[in-house]
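The structure appears right after this line, and notes come after that.
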Amino acid sequence: MNKQFFNISAFFFFYFSIIGVWVIFLPKMLHNIHYTPEQIGIIFSIPPLMRFLTPFFFLKLFSLTQRVLHITLIMMLLCIPFLYLTIHDFRLFALANIFFGVSFGLVLPYMETYSLTVLAKERYGRARLFGSIGFTIVALVLAQIFSNDIGLHFIAFNVIFTAIFAYIISQDERHFSNNKEKKTSQFSLSSHLPLWVSIFLMQVGFGAFYSFFTIYETEHGISLQTVSFLWSFGVFCEIVLFYYQAHIIKFNLLNIIKFSIFITAFRWVILYLFPESLWLAYFSQSLHAFSFALYHTATLSYLYELYHDKKLASQFYYGFGFGLGGFVGSLVAGYFYGPYLFLSSALITILAFFILFVKRSAIMSLQNDTRAKHEKPMG
């Protein structure tokens, strides 16, 4: 078990180190080589869109097998020279991002499913926190030695080790097989539609934070260096809760999800009402422990209880949430940017909260009524 824990933790460390380089430093890298803001926006919209679209292919056409995982890892490694060769050409780099988005969108659900199966939800958080540690270390180290070439080297280094540990994990034959999985039931989004809509809206609400938090706070008199401390403090609180959440995650998962969403809406209200208060900004960042760490583990665990095909459930969680939700969230945040930015986020998030109270029976009744109308004989 210790060896499994180490391999899983190492995978998360290197995987989210890549995300750290991508999210924090790639915009600056592209700006340095004269990409326009519109081009940068297009580049960053491609991976979440690929993350959203990919699960639909596996819903109808393919199965999430060990062989597909190994092909995905090869695709990840091929992205390394492709990124080096294409970064100075917008169109080719956009193409490289399509492959990047598909491969990175595929590999994480495999590892998340394996982690929750092998470690169980009580120990999963302690392995997952190493992803937050990797993200933070990249942010602190690369900021001191940043250049475009070094940024690409960081991506290449972490991609290689991500692929290595994912391959090592995939050798556990008890959980990975080259044969197609036999599905005991058809995978259905509509059977739990309120949950899926809530997942989508939760990430739409996060769009303002991921896209504009730094600009929003600096425009209200908080220095850029202090804002960087706020980001780090949020990740630190996330790490702490990942470590200790085993005691919380034993309770009713749906209630934990509702609680996390409600706390997140409260977090955005604080930023809306008190944008110039440094202490309240730190307090709002402390709530990232609940709105990301606790919500993430509770939602994945709940989906694994609802669906037999756990890898596909994980695929759609990332696709609908961080994929489509992240994409729409950035667009919505750009439209509402100004004094009401985080008020709009709070309203969207509270909608994600209330929609979870819609009963599954009401959804099924509506579907049955619609089906009956279509099946009613003519004339």
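The numbers here are math on the coordinates, done by the rules we state, and not lab data. Quick caveat, the model's predicted, so the values are computed rather than measured. Methodologically, a virtual Cβ is constructed for each residue, glycine included, from the backbone with ideal geometry; neighbour enumeration extends over all protein chains shown.
Within the chain, how many Lys pairs sit with Cα atoms under 20 Å apart, leaving out pairs fewer than 8 places apart on the same chain?
19
For the range 243-307 and the range 1-44, what is the separation of their Cα centres, given in Å?
The distance from the Cα centre of the range 243-307 to that of the range 1-44 comes to 23 Å.
Over all distinct Cα pairs, what is the inverse of the mean 1/r for the chain, reported as the Kirkwood hydrodynamic radius in Å? Write out the running numbers ahead of the final one.
Values: mean 1/r = 0.0463 Å⁻¹.
Evaluated over the chain, this radius sits at 21.6 Å.
Taking the number of other C-beta atoms within 10 Å as the exposure measure, put Ile40, Ile98, Ile239, Ile261 in order starting with the fewest.
Details: Ile40 17, Ile98 13, Ile239 22, Ile261 27.
The order, fewest Cβ neighbours first, is Ile98, Ile40, Ile239, Ile261.
Take Glu219, project a point 7 Å from its Cα along the Cβ direction, then tell me which residues of the range 260-291 have their backbone nitrogen under 11 Å from it.
Inside the label zone: nothing.
Residue by residue through the range 107-119, what is 3J(HN,Hα) from phi via Karplus (6.51 cos²θ - 1.76 cosθ + 1.60, θ = phi - 60°)? Round to whole Hz and write x for glycine and proline.
6, 5, x, 4, 6, 5, 4, 4, 5, 5, 6, 7, 8
Could you compute the FRET efficiency for Ser232 and Phe354, with r as their C-beta to C-beta distance and R0 at 25 Å, rounded to 0.05?
Working: r = 33 Å, r/R0 = 1.31.
My answer for the efficiency is 0.15.
Would you kindly state how much longer the chain becomes between Lys3 and Ala143 on full extension, computed as 0.36 nm times their sequence separation minus their alpha carbon distance, in nm to one decimal?
Numbers: separation 140, 0.36 × 140 = 50.40 nm, distance 3.24 nm.
Contour length minus the Cα-Cα distance gives 47.2 nm.
Mean-square fluctuation check for the chain, GNM, Cα pairs under 10 Å: which of Pro275, Pro55, Pro81 is largest?
The residue that fluctuates most here is Pro81.
What is the order of Val21, Val240, Val269, fewest Cβ neighbours within 10 Å to most?
Values: Val21 25, Val240 15, Val269 18.
Ordered from fewest to most neighbouring Cβ atoms within 10 Å, Val21, Val240, Val269 come out as Val240, Val269, Val21.
Report, by chain and number, residues whose modeled amide H sits under 5 Å from the one on Tyr307, excluding near sequence neighbours (fewer than 5 apart, same chain).
Those qualifying (amide H under 5 Å, at least 5 residues apart or on another chain) number zero.
In whole percent, what relative contact order does the range 139-286 give with Cα contacts below 8 Å and a gap of six or more residues? Don't skip to the end; give the middle numbers.
Working: 44 pairs, mean separation 31.7, N = 148.
Answer for the range 139-286 is 21 percent.
Output ³J(HN,Hα) for the range 150-157: one whole-Hz value per residue in order, computed from phi by the Karplus curve 6.51 cos²θ - 1.76 cosθ + 1.60 with θ = phi - 60°, and x for Gly and Pro.
Listing the rounded values in order: 5, x, 5, 4, 4, 4, 4, 4 Hz.
Give me Arg91, Arg67 ranked fewest to most by other Cβ atoms within 10 Å of their Cβ, as a rough exposure proxy.
Values: Arg91 9, Arg67 15.
Final ranking by Cβ density, sparse to dense: Arg91, Arg67.
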